[in-house]
Amino acid sequence: MPTKFKPSQTTFVKGQGKVTQNHFIKNTSKEELIDYINKGQKAKIKQKCMNELARRGIIIEWKTPSED
């Protein structure tokens with residue numbers, strides 16, 4: 001099964017019943033992944049984000065806050 005970014009979300013849609021929405025990391029935008037690396041809490045998910053960006057061919061350039 002693909003890597004998940006967030007837990008699955010189950011909602012109730014009238015007329016259809018329960019609908020499950022999966023949050024896979026491959027469907028997440030680049031901006032959201034970079035924001036999570038900068039501001040996220042969990043190291044395990046940060047590493048998943050960095051692995052996904054590397055898979056997409058995006059190079060991460062690290063800067064300290066004083067360089068801005």
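Filter the range 27-45 down to residues that are of a type in the set (Ser, Thr, Tyr) and assigned to a loop (DSSP other than H, G, I, E, B) and give me whichever is nearest to Ile59 (Cα to Cα).
This residue is Ser29.
Quick test of your reading of the structure: Ile60 fulfils all but one of (1) open to solvent by less than 90 Å² (accessible area, probe 1.4 Å); (2) not in a loop (DSSP other than H, G, I, E, B). Name the failing condition by number.
(2)
Please determine whether any residue of the range 9-25 is in contact (Cβ under 8 Å) with a residue 24 or more places away in the chain, assigned to a helix (DSSP H, G or I) and either surrounded by 13 or more Cβ atoms within 10 Å (Cβ to Cβ) or out of contact with any strand residue (DSSP E or B) (no Cβ under 8 Å at 6 or more places or on another chain) (or both).
Looking for residues that are in contact (Cβ under 8 Å) with a residue 24 or more places away in the chain, assigned to a helix (DSSP H, G or I) and either surrounded by 13 or more Cβ atoms within 10 Å (Cβ to Cβ) or out of contact with any strand residue (DSSP E or B) (no Cβ under 8 Å at 6 or more places or on another chain) (or both), one finds at least one in the range 9-25, hence yes.
For the structure I just gave you, tell me whether Thr3 is among the hydroxyl-bearing types (Ser, Thr, Tyr) and surrounded by 10 or more Cβ atoms within 10 Å (Cβ to Cβ).
yes
Consider Ser66 carefully, then state whether it is loosely packed, with under 10 Cβ neighbours inside 10 Å and at pLDDT 95 or above.
No: the conditions fail for Ser66.
The values are calculated or read from the model by the stated rules, or taken from the named source; none is laboratory data. Quick caveat: nothing in here was measured; it's all calculated off a predicted structure. Glycine also receives a Cβ, built like all others from the backbone with ideal geometry; neighbour counts cover every protein chain displayed. Remember, those area values only see protein heavy atoms, side chains included, never the ligands or the DNA or RNA. Shrake-Rupley method; radii C 1.70, N 1.55, O 1.52, S 1.80 Å.
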